[in-house]
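Working notes for the structure below.
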Amino acid sequence: MDDFSTAINQHRRELHVHCYRMLGSFDDAEEVVQDVLLRAWTHRDSYEHGTNLRAWLYRIATNACLDQLRQRSRRLEQVRSFAEVPWLQPYPDRLLDQVAPSADEPEAVVVGRETIELAFIAAMQLLPAQQRAVLVMREAIGWSAAETAAILETTVPAVNSALQRARATLQRERPTPESGAPRTALTADERDLLHRYIALSERPDTDRMAALVRDDIRVTMPPQPVCYDGWAALAPLHVAAARHGDWRLLPTTANRMPAAACYLRPPGETTFAAFKLDVLRIEGGLIAEVTTFGPELFPAFDLPAALPGAP
């Protein structure tokens with residue numbers, strides 16, 4: 001029994017990533033994975049010893065996600081911006097790095113940007129539940145059509161049909177992903193642009209910040225239904241931020257994208273409190289999009305709740 005518990009817990013992180021891809025919410029994925037591990041333990045007698053434990057767990061996890069999706073009252077018809085996906089949350093790269101190939105599970109794959117970036121996760125929310133499950137298992141995890149059909153208890157033709165429809169939707173809703181090996185690290189240019197963004201957020205300079213971003217930059221703040229399009233709309237926010245107090249930012253990464261953890265020290269205060277997380281999408285050497293989230297997931301990023309002020 002102890003060995004079985006250890007075995008299923010070894011898959012916890014990749015199951016969490018699977019549920020996140022399906023649900024788009026870090027918190028919802030956490031809740032579902034807890035339920036999945038409980039279900040697996042409760043029904044351990046139904047597991048046939050010596051068979052593929054990972055596939056058995058994925059079947060439980062996928063069914064749990066499908067149950068969760070059926071309970072959602074709102075179905076998205078389009079995603080013009082992330083503001084239309086109020087449950088969207090970021091995923092810390094430090095946890096993605098815990099999903100890696102191993103000697104006993106060679107089929108586990110490193111999580112690359114192509115199947116975890118915010119645009120992919122948001123576009124996934126447009127798919128019917130079954131198509132979503134098929135796409136994740138075929139494209140992100142790498143199951144064969146036969147393996148996917150077995151997990152979903154359907155047929156190979158049904159899997160192939162669902163995958164074709166899901167691919168067509170994603171092709172229409174998001175840019176074509178990069179080809180080649182999964183990319184898990186920021187490029188040198190991305191790191192440099194992130195550090196310049198941090199410097200100009202801590203010491204605001206509107207003209208220099210304008211040089212870092214595209215003219216058509218977009219800023220959204222899930223779960224708030226607000227969307228700012230273009231530098232003309234964003235510039236006043238950049239100016240107003242300085243009036244709220246002093247800022248300190250720490251570099252981090254989310255969904256294989258550059259990100260900045262932002263801390264604010266209001267006038268009269270002595271410490272910088274966690275305020276928001278900015279996730280940057282970079283295109284053509286400029287910041288094309290900023291998705292701003294609250295500080296609720298700072299613990300998952302291993303970020304402090306506060307930073308000391310200057311002596």
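The values are calculated or read from the model by the stated rules, or taken from the named source; none is laboratory data. Values in this document were obtained by computation on a predicted structure and should not be read as measured data. Heads up, the Cβs are rebuilt from the backbone with ideal geometry, glycines too, and the neighbour counts pull from every protein chain shown.
Structure values in brief
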item: Selection from the stretch 127-144 of residues that are under 17 Å from the mean Cα position of the chain (by Cα), hydrophobic (A, V, I, L, M, F, W, C) and not in a loop (DSSP other than H, G, I, E, B); result: Ala133, Leu135, Val136, Met137, Ala140, Ile141
item: Only one of Leu264, Leu277 that is farther than 23 Å from Ser25 by Cα, at pLDDT 95 or above and either assigned to a strand (DSSP E or B) or not hydrophobic (A, V, I, L, M, F, W, C) (or both); result: Leu264
item: Qualifying residue in the stretch 90-104 (condition: more than 28 Å from Asp278 (Cα to Cα), part of a helix (DSSP H, G or I) and modelled with pLDDT of 90 or more); result: no
item: Pairs with Cβ under 7 Å, 6+ apart, first in the stretch 109-134 and not assigned by TED's automatic domain parsing to the domain that holds Ala168, second among the acidic types (Asp, Glu) and part of a loop (DSSP other than H, G, I, E, B); result: none
item: Among the residues listed as Gln71, Gln34, the single one being modelled with pLDDT under 85 and polar (S, T, N, Q); result: Gln71
item: Ala254 touching a Pro at 6+ places or on another chain (Cβ under 6 Å) and at pLDDT 95 or above; result: yes
item: Looking only at the stretch 278-290, and only at residues there that are within 18 Å of the chain's Cα centre (by Cα) and over 18 Å from Glu202 (Cα atoms), the one that is surrounded by the fewest Cβ atoms within 10 Å (Cβ to Cβ); result: Ala288
item: Residues located in the stretch 258-277, provided they are in contact (Cβ under 8 Å) with a residue 60 or more places away in the chain and either within 17 Å of Pro222 (Cα to Cα) or surrounded by fewer than 16 Cβ atoms within 10 Å (Cβ to Cβ) (or both); result: Ala259, Ala260, Cys262, Leu277
item: Residue within the stretch 162-176 that is over 20 Å from Asn255 (Cβ atoms), assigned to a loop (DSSP other than H, G, I, E, B) and of a type in the set (Ser, Thr, Tyr) present; result: no
item: Criterion: of a type outside the set (Ser, Thr, Tyr) and either crowded, with 21+ Cβ neighbours inside 10 Å or not in a helix (DSSP H, G or I) (or both) - qualifying residue of Ala7, Ala40; result: Ala40
item: Breaking point among (1) aliphatic (A, V, I, L, M); (2) within 19 Å of Glu283 (Cα to Cα); (3) more than 22 Å from the chain's Cα centre (by Cα), for Leu186; result: (3)
item: Residue in the stretch 48-92 that is surrounded by the fewest Cβ atoms within 10 Å (Cβ to Cβ), counting only those that are under 20 Å from Ile141 (Cβ atoms) and β-branched (Val, Ile, Thr); result: Thr51
item: The stretch 291-306: number of residues that are surrounded by fewer than 17 Cβ atoms within 10 Å (Cβ to Cβ) and not small (Gly, Ala, Ser); result: 4
